[in-house]
Amino acid sequence: MYRLKYDPSAEAVMEALPQAVSEALTLALADVCADPIGATVPYGEDDGVMRMAVTPQAFAVILAGHTLKTITVLQVTYLG
């Protein structure tokens, strides 16, 4: 299991999301902590490190730190 961390600006966006959107993205990020590759899609080149957790109304750009078992949320985007 990976540990979840947030960039401060991503955390602020996450906190401002509508409740249902935040809940869906939170559940997606929980899946990412269990399976960082299987629960995400590549962000740019598929290097296994920069990935995206995608829901119907939002996505998060994450950095998978495989050595320290961390998932850092770098950016959260609300699609509306």
- Between residue 15 and residue 47, what is the label-to-label distance in nm when each label sits 7 Å out along the Cα-to-Cβ direction? 3.0
- Query: Among 38, 65, 48, which one shows the biggest mean-square fluctuation in a GNM of the chain, springs joining Cα atoms closer than 10 Å?
  - Reply: 38
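So if each residue of separation counts as 0.36 nm, and I subtract the Cα-Cα distance between residue 27 and residue 4, what length gain in nm does that give? Display every interim value, and only then the final one.
Values: separation 23, 0.36 × 23 = 8.28 nm, distance 1.22 nm.
Separation in residues times 0.36 nm, less the Cα-Cα distance, equals 7.1 nm.
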- Listed residues 27, 17, 68; largest mean-square fluctuation, Gaussian network over the chain with Cα springs below 10 Å, found at 68
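Restrict the search to the stretch 1-64; then list the GluC sites (Glu not before Pro) that DSSP places in a loop and that have at most 11 other Cβ atoms within 10 Å of their Cβ.
Numbers: sites: 11, 15, 23, 45; in loops: 45.
Of the GluC sites (Glu not before Pro), the ones in loops of the stretch 1-64 whose Cβ has at most 11 other Cβ atoms within 10 Å are 45.
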- Query: Build a GNM of the chain with springs between Cα atoms under 10 Å: which of 30, 20, 58 gets the top mean-square fluctuation?
  - Reply: 20
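Bear in mind these aren't lab numbers, they're just calculated from the coordinates by the rules spelled out. Computed from a predicted structure; not experimentally measured. For neighbour counting, all protein chains shown are included, and Cβ atoms are generated from backbone atoms with ideal geometry for every residue, glycine included.
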